[in-house]
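Heads up: the structure comes next, in structure tokens.
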Amino acid sequence: MLNGEFWTLWMKYFKKIIGPSIFATLRMVIATVTIGFALGFGLAILLTIYGPDGLNPKKKIYKILDFLVNTIRSFPILILIVAISPLTRMIVGTTVGEKAAILPLSIAATAFIARMLENSFKEVDKQLIEAARSFGATDIQIIFKIIVKESVPSIISIATMSTITYIASTTIAGAVGGGGLGAVALNYGYQSFNNSILYTSVFILFVMVIITQAIGSWLYKKFL
């Protein structure tokens, strides 16, 4: 009887609290990684072109971009969320909820992904680049037809790592009103002494990470 009551109560929690928070977390992660990858990819290309050993070195531009990336990456995600809350309120209209969490998470993801992609692009064989130059290829052609093409497996690994990283970051955002599984685990689980909600949330996050890693590993092997 007690076991039956437990599962009935658990299903009630799942339908009303945990279930909706799963979709909130997925929306935050997908939006964050999509925006972060789009902006980070563009930023990585600029860093690759204008870097000291880049295709068209420009010291001043690179220093500005490099400083911007390093500055953003130096902020722990929780501090960044709080620090740019006035900007978040100005753009989103609120500092609470999943929409408000997406902005700081996307800014952090942009810097993180840009640096990872820049490092990946730097590892491309210089001889391939020089060969392309000798045939008259432009910087943009070298970027997309040589550097990006050669970096596809690495890009997949970076996308996988970024997704896992920002699954974790959404839980931190939940601590300051970001919503999602992090907020549920903290507010309805830990602070309310409800272990069934707490550990269910933790387990679901664990499953999300495992699935993400499995898909990333499969894609990596496919394109290697």
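The values are calculated or read from the model by the stated rules, or taken from the named source; none is laboratory data. Treat the numbers as computed from the prediction; the structure is a model and nothing was measured. Heads up, the Cβs are rebuilt from the backbone with ideal geometry, glycines too, and the neighbour counts pull from every protein chain shown.
Counted as qualifying within region 51-97 are the helices (runs of 4 or more DSSP H) with 3 or more residues that are among the charged types (D, E, K, R), namely 59-73. Just one of the listed residues (Gly189, Gly174, Gly180) is on the phi > 0 side of the Ramachandran plot and either over 21 Å from the mean Cα position of the chain (by Cα) or at pLDDT below 95 (or both), and it is Gly180.
Picking from residues in region 39-62 that are surrounded by fewer than 14 Cβ atoms within 10 Å (Cβ to Cβ) and within 19 Å of Ser120 (Cα to Cα), the one that is modelled with the highest pLDDT is Gly42. Within region 201-218, the residues that satisfy the criterion of being closer than 15 Å to Ile164 by Cα and either surrounded by 14 or more Cβ atoms within 10 Å (Cβ to Cβ) or of a type in the set (Val, Ile, Thr) (or both) are Val202, Ile204, Leu205, Val207, Met208, Val209, Ile210, Ile211, Thr212, Gln213, Ile215, Gly216. In region 32-43, the count of residues that are in contact (Cβ under 8 Å) with a residue 12 or more places away in the chain and either outside any helix (DSSP H, G or I) or more than 20 Å from Ile158 (Cβ to Cβ) (or both) is zero. Do we find that Ala173 is in contact with a Gly (Cβ under 7 Å, 6 or more places away or on another chain), surrounded by 14 or more Cβ atoms within 10 Å (Cβ to Cβ) and closer than 30 Å to Ala83 by Cβ in this structure? Spelling it out, Ala173 is indeed in contact with a Gly (Cβ under 7 Å, 6 or more places away or on another chain), surrounded by 14 or more Cβ atoms within 10 Å (Cβ to Cβ) and closer than 30 Å to Ala83 by Cβ.
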